[in-house]
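The values are calculated or read from the model by the stated rules, or taken from the named source; none is laboratory data. Keep in mind that what you see is a predicted model, and the values were worked out from it rather than measured. Because the Cβ atoms are built from the backbone with ideal geometry, glycine has one as well, and the counts that use them run over all protein chains shown. Only protein heavy atoms, including side chains, enter the accessible area calculation; ligands, DNA and RNA are left aside. Shrake-Rupley method; radii C 1.70, N 1.55, O 1.52, S 1.80 Å.
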Amino acid sequence: AYNHVSDYAPFFEIDAHWQSSPSTNSTKVLADSVRENHDRLGRRVFNTHLRWDMLPKRREVDGSTPQNDDKEGYDADNTGPSDDNDSHIHKQRPQCGKFIYVTRNQIDVVASFYHHLSNQIEGTYTDTFETFLRDWMDGKIPFGSSLHHLIGFAGGFADNLYDTSRGHDDIGDDESTGVTDQPLLLLSYEKMKSNLRTEVLRIISFLNLTHIPSHVLEEEILPSFGFSSMKNNIEKFQPKSVGWLNGFQFLRKGVTGDGRRLLLNRSTNDSGGGKEEGESSELMVAYNDWVEREEYRSKISNVLKGDCYEDCREVFLSVVEK
């Protein structure tokens, strides 16, 4: 039982979750409250918005902040390894833990983020959705370009020979396709919506949680992961770091396709009259031009080359489809 999800899965990059080391003020260690909650849980869990190249890869030393001193790897402007041989493989294989990366269709992402920032009290976004979309595509909204974020993580999966076809041990159900010996797991919001059980089994396998009894999974865990259950327990998930306007709920709709409807209904000269299904809009055209201009598809295809990356590549490419 927990009062709020952040009690056990705080954001890694939030200053309040770190404190100066007693032995040296120049070193940061986990705040006592975070460490105590993790001790009760029996493992350390963090949320993060950081890019792959910003995340630590080495184990912590004496409880200090894990450092990432890798100078190699992939970034948004470098779509291939830094040398011409295979020495790049595993060069960023994390030693400090495992990473679960969740993707979502980018049109739904921008719609959700617009509602989020337009309804939080601190730094309320007050301009139109059209302006938000264009600023977001230009990387001017907090956390920068989402395509650069995706490309960076695609490099992380490539570095670690991510292969969803390899065998695994699970909890007695053959629907899972996760693997326990890899440091990264790729999930998509859309797949979790369409088949939550299969995706949860992949997480269970990835984290070696195969001791969970089947009846606990079916009767307790899976029902609590559904959107309606989470919304009914909103006090456990509503972010506490900011305030919200007009009773806004962070768990808003929990659907797919909401962003597409927003883009089609908000062309430059349209105040909400709407477009017919299948009809384009100026915003949708701008979005498609942005994806092409960033060469996102070719960069992903170049980073995730080879048959072993086929499933992974398909997930990364699907996020920009309309």
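Could you sort E190, E36 by accessible area so the largest value comes first, with the probe set to 1.4 Å?
Solvent-accessible surface, decreasing: E36, E190.
F225 accessible area, nearest 10 Å², 1.4 Å probe?
Result for F225: roughly 100 Å² accessible.
Using a 1.4 angstrom probe with every protein chain in place, what is the largest-first accessible-area order of S145, S112? Spell out each step's value before the answer.
Working: S145 15, S112 45 Å².
Per-residue accessible area, sorted high to low, gives S112, S145.
Return the FRET efficiency for the residue pair T128, T256: r is the Cβ-Cβ distance, R0 is 22 Å, and the value is rounded to the nearest 0.05.
Once rounded, the FRET efficiency stands at 0.40.
Could you order peptides 103-109, 124-130, 152-158 by the average number of other Cβ atoms within 10 Å of their residues, highest first?
Packing proxy ranking, top to bottom: 152-158, 103-109, 124-130.
For the full complex of protein chains and a 1.4 angstrom probe, list M284, M230 by accessible area with the highest value first.
Sorted by accessible area, descending: M230, M284.
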